[in-house]
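Down below is the structure, laid out as structure tokens.
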Amino acid sequence: MDIELETNCVSCIVTEDMLEKSIGCGDTETYAVGMMVTLMERAAKQLADRHIPDGFTTIGVMLNTTHVAPTVCGKEVTATATLLEKSEGQFYFEIIASDDRGVIGEATHQRIAVPLEKFTQKAKRRGGVQ
């Protein structure tokens, strides 16, 4: 019996401010890996949000990614997150990023659910803010 896995897709159009050269992480005028990672995390977070109670959020705790093909300004990039496993507030994903020419990157990603207010207060204390 096949199990249908839950997925979520998010897309963006690559703009100049998303290019390696623009954000200072490279010399090319291609979509930066950091921007691809952001899109991947957004797809996973939206999917995880469907499974957490009010007052909680999820935070990314692990991401293992490859960026295998360049994308230029003006192209649409889509990240598709697939929820592979959820257990006790932990979520595990496979994420594929692609453009109209095919796969540009792949990732495995883990997120954990945390109480939003408690996490916010912890972050403020860590930053020296009361």
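Quick notes on this structure:
- Candidate set from the range 48-72 (those that are of a type in the set (A, V, I, L, M, F, W, C), in contact with a Lys or Arg (Cβ under 9 Å, 6 or more places away or on another chain) and open to solvent by less than 50 Å² (accessible area, probe 1.4 Å)); member that is farthest from Ile96 (Cα to Cα): Ile59
- Those residues of the range 94-130 which are touching a strand residue (DSSP E or B) at 6+ places or on another chain (Cβ under 8 Å), surrounded by 10 or more Cβ atoms within 10 Å (Cβ to Cβ) and of a type in the set (D, E, K, R), in sequence order: Glu94, Asp99, Glu106, Arg111
- Odd one out for Cys9, checked against (1) within 29 Å of Leu83 (Cβ to Cβ); (2) part of a helix (DSSP H, G or I): (2)
- Annotation: Ala44 fulfils all but one of (1) within 28 Å of Leu116 (Cβ to Cβ); (2) surrounded by fewer than 17 Cβ atoms within 10 Å (Cβ to Cβ); (3) touching a strand residue (DSSP E or B) at 6+ places or on another chain (Cβ under 9 Å); the unmet one is (2).
- Extreme residue, most open to solvent (accessible area, probe 1.4 Å), among residues of the range 10-31 that are over 26 Å from Gln46 (Cβ atoms) and touching a residue at least 40 places away in the same chain (Cβ under 8 Å): Glu29
- Condition check for Ala48: of a type outside the set (S, T, N, Q) and under 19 Å from Ala81 (Cβ atoms): yes
- The condition of being among the aliphatic types (A, V, I, L, M), part of a helix (DSSP H, G or I) and without any contact (Cβ under 8 Å) to a residue 24 or more places away in the chain holds for Met35.
- Among (1) within 18 Å of Ala81 (Cα to Cα); (2) outside any strand (DSSP E or B), the one test that Ser22 misses: (1)
Quick grid of which residues meet (1) under 30 Å from Val114 (Cβ atoms); (2) in contact with a helix residue (DSSP H, G or I) (Cβ under 8 Å, 6 or more places away or on another chain):
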position: Glu4; (1), (2): yes, no
position: Met40; (1), (2): yes, no
position: Pro53; (1), (2): yes, no
position: Gly60; (1), (2): yes, yes
position: Cys73; (1), (2): no, yes
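- The residues on offer are Ala97, Ala79, Ala123, Ala113, and the sole one that is touching an Asp or Glu at 6+ places or on another chain (Cβ under 8 Å) and among the small types (Gly, Ala, Ser) is Ala97.
The values are calculated or read from the model by the stated rules, or taken from the named source; none is laboratory data. Fair warning: this is a prediction, and the values are worked out from it, not measured in the lab. Every residue, glycine as well, gets a Cβ built from its backbone with ideal geometry; the counts of neighbours run over all protein chains shown. Protein only, heavy atoms only, side chains kept; ligands, DNA and RNA dropped before computing areas. Shrake-Rupley method; radii C 1.70, N 1.55, O 1.52, S 1.80 Å.
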